[in-house]
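Working notes, beginning with the structure itself.
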Amino acid sequence: MENLNELFETGMKFHGHKCPAMPMGLRAGLAAMKALGVERSQDKELRLISETGEGHAAGCFLDGLMTATGCTYGKSNIKKLYYNKMAFTLIDAKSGRSVRVSLKPEFFSNALNSPFVQQRKAGVAPQNIPAEVADPMVNNILKMPEEKFLNISTIKQVEVPQGKGVFEAYPCVKCGELTFINKLQDTAAGQVCIPCSEAK
């Protein structure tokens, strides 16, 4: 529980406001890691494929997932599919073992009818929702047994594409900005970056 509390505090600082969906993602990410028997990703040991979209709760859920798993856009070990589902697949990059986790439909449906979401629908910013509304929901999610709100699939084997980092960059002949070589485009004038290759 101490680790969960520490991660929740980290997630709060990262996410910026108290809401139910961030700890849902936090708990879901931890459950996926437990199912795979893996530690938080320091580099690219884990990969996460999120089925979330751009909705309010989806972004909050995803921040919880990133906090728990260490899969981040900065490390390029996370991908978003924009399915608008509260679900994701976590992959152990070394072994290829994967697990899919989703919110149970009844739990999520009840959450969407909660007083917190009613205030969000009324246009109240999440940080302005009173603590007496937000805190009980958040505390409940932090303490709830994972089987009460998460569907966790059986472990499946997937193929994990392997790639090496690119550390060589050259200037674009048009704008002069250094660009990693895997994204330079060959033209008659020389190598150009993508924006310059598309400029008219």
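The values are calculated or read from the model by the stated rules, or taken from the named source; none is laboratory data. Just so we're clear, the structure is a prediction, and the values are computed from it rather than from any experiment. Cβ placement follows ideal geometry from the backbone for every residue including glycine, while neighbour counts extend to all protein chains displayed.
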Selection within the range 156-177 - touching a helix residue (DSSP H, G or I) at 6+ places or on another chain (Cβ under 6 Å) and basic (Lys, Arg):
174
Residues that are closer than 14 Å to residue 98 by Cβ and in contact with a Ser or Thr (Cβ under 9 Å, 6 or more places away or on another chain), drawn from the range 42-77:
46, 47, 48, 49, 50, 51, 69, 71, 77
Kindly provide the set of residues from the range 166-200 that are part of a loop (DSSP other than H, G, I, E, B) and acidic (Asp, Glu), ordered by number.
168, 177
Note: among 144, 86, 66, just one is closer than 21 Å to residue 35 by Cβ and touching a strand residue (DSSP E or B) at 6+ places or on another chain (Cβ under 6 Å), namely 86
What residue, of 68, 57, 31, is in a helix (DSSP H, G or I), touching a Cys at 6+ places or on another chain (Cβ under 9 Å) and either in the same structural domain as residue 147 (by TED's automatic domain parsing) or of a type in the set (Gly, Ala, Ser) (or both)?
57
Please list, ordered by residue number, the helices (runs of 4 or more DSSP H) wholly in the range 84-165 having 2 or more residues that are under 19 Å from the mean Cα position of the chain (by Cα), surrounded by 10 or more Cβ atoms within 10 Å (Cβ to Cβ) and not assigned by TED's automatic domain parsing to the domain that holds residue 46.
none
Within the range 101-138, considering residues that are free of Cβ contacts under 8 Å to residues at least 60 places away in the same chain and of a type in the set (Lys, Arg), the one farthest from residue 38 (Cα to Cα):
121
Residue count, the range 4-54 (criterion: of a type outside the set (Lys, Arg) and under 13 Å from the mean Cα position of the chain (by Cα))
22
Filter result for residue 183 (more than 26 Å from residue 74 (Cα to Cα) and not polar (S, T, N, Q))
no
